[in-house]
Amino acid sequence: MKQIVLKYCTMSNTFSDNSQIGVVATFSELVHTNFKGEMNALCWHRNLDGDFKEIVAKLSLKENITEVSPKDLIELQLSEKGNIAREIILNDLQLLADFGASPSLNLLKCYERDDEFDFISTDVYSFHVDRSPIATDTFLCTYHGAASDIVANAQAEQKILIPEIRAKLKELHDGAEEDFEDFLKENYFDLHYQLHQNAEPINLGLGHLWRLAVDHPKQEVMPCIHRAPVENEGEYRLLLIC
């Protein structure tokens, strides 16, 4: 495999100047703006006040990923800045729930790693797209800790189309040739991508609420390629996702 050189775009010139990303000013715009052309990511760009670090410090991590309920948040004894952060999170959860989504707030140490094969990974740290049998989108917001990345579809290639990876997957497949494509889908190999040389991933930053296009039958644009970040050492992430 070629060595990939990643050039991360900065906040100042990324969101408004990138054809992949639409920037909106309200939640209503976020959920009602249609994806089109190369645009498969929408950002409700926000500069949030409040102390989200205080919330993370006062929550209890029970597993590597702990779901935090609104009740858990409400029970925290917080400073004025911490309370501002809490109200922002509760409002985001309510907005998404009222829209018909099922948001989850996660306190996150790390995700499970997929190290079964040395030539392909299917965990969320790998650049991938989400797939759904119904029309839906992925919403996410990182309030604290490392934030996710996205990349333009033109800057990546499905790993299953890379000859050396495809050859190894065919060796792994124990079945008829005509069942190979189904095998790839059933094991989620087709969802993962290899970045091109000099690809420029975009970091989603803190506090912005994002809507990412998902692969489903009614989707009119390419699904958004994204990945979870490697967590900062000794720091938990606070992530809203649905």
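The values are calculated or read from the model by the stated rules, or taken from the named source; none is laboratory data. Just so it is clear, the model here is predicted, and its values are computed rather than measured. So basically every Cβ, Gly included, is an ideal-geometry build from the backbone, and we count neighbours across all protein chains shown. For accessibility, only protein heavy atoms count, side chains too; no ligands or nucleic acids. Shrake-Rupley method; radii C 1.70, N 1.55, O 1.52, S 1.80 Å.
Residues that are part of a loop (DSSP other than H, G, I, E, B) and under 12 Å from the mean Cα position of the chain (by Cα) were ranked within segment 144-154; the one that is nearest to residue 227 (Cα to Cα) is 148. Within segment 104-143, being among the aliphatic types (A, V, I, L, M) and more than 16 Å from the chain's Cα centre (by Cα) holds for 120, 134, 135. Evaluate the following for residue 116: is it open to solvent by 30 Å² or more (accessible area, probe 1.4 Å) and either in contact with a strand residue (DSSP E or B) (Cβ under 8 Å, 6 or more places away or on another chain) or at pLDDT below 95 (or both)? It is true that residue 116 is open to solvent by 30 Å² or more (accessible area, probe 1.4 Å) and either in contact with a strand residue (DSSP E or B) (Cβ under 8 Å, 6 or more places away or on another chain) or at pLDDT below 95 (or both). Just to be sure I understand, how many residues within segment 126-165 are under 30 Å from residue 234 (Cα atoms) and either among the small types (Gly, Ala, Ser) or surrounded by fewer than 17 Cβ atoms within 10 Å (Cβ to Cβ) (or both)? Total meeting the criteria: 5.
Assessment of segment 82-95 against the conditions (under 19 Å from residue 242 (Cα atoms) and either modelled with pLDDT under 95 or assigned to a loop (DSSP other than H, G, I, E, B) (or both)) yields no matching residue. Which of the residues that make up segment 50-75 are at pLDDT 95 or above and among the charged types (D, E, K, R)? Within segment 50-75, 51, 53, 54, 58, 67, 71, 72, 75 qualify. Please find, within segment 166-202, the residue that is most open to solvent (accessible area, probe 1.4 Å) out of those that are part of a loop (DSSP other than H, G, I, E, B) and without any contact (Cβ under 8 Å) to a residue 12 or more places away in the chain. Checked segment 166-202; the qualifying residue most open to solvent (accessible area, probe 1.4 Å) is 174. Each residue in segment 88-99 was checked for being surrounded by 14 or more Cβ atoms within 10 Å (Cβ to Cβ) and not β-branched (Val, Ile, Thr), and 6 pass.
When both residues are 6+ apart or on different chains and their Cβ atoms are under 7 Å apart, which pairs have a first residue that lies in segment 133-148 and is within 11 Å of residue 207 (Cα to Cα), and a second that is open to solvent by 10 Å² or more (accessible area, probe 1.4 Å) and assigned to a strand (DSSP E or B)? If the second residue must be open to solvent by 10 Å² or more (accessible area, probe 1.4 Å) and assigned to a strand (DSSP E or B), the pairs left are 140/241; 147/203. Considering only residues that are among the basic types (Lys, Arg) and either part of a loop (DSSP other than H, G, I, E, B) or on the phi > 0 side of the Ramachandran plot (or both), which ones fall in segment 208-242? Across segment 208-242, the qualifying residue is only 218.
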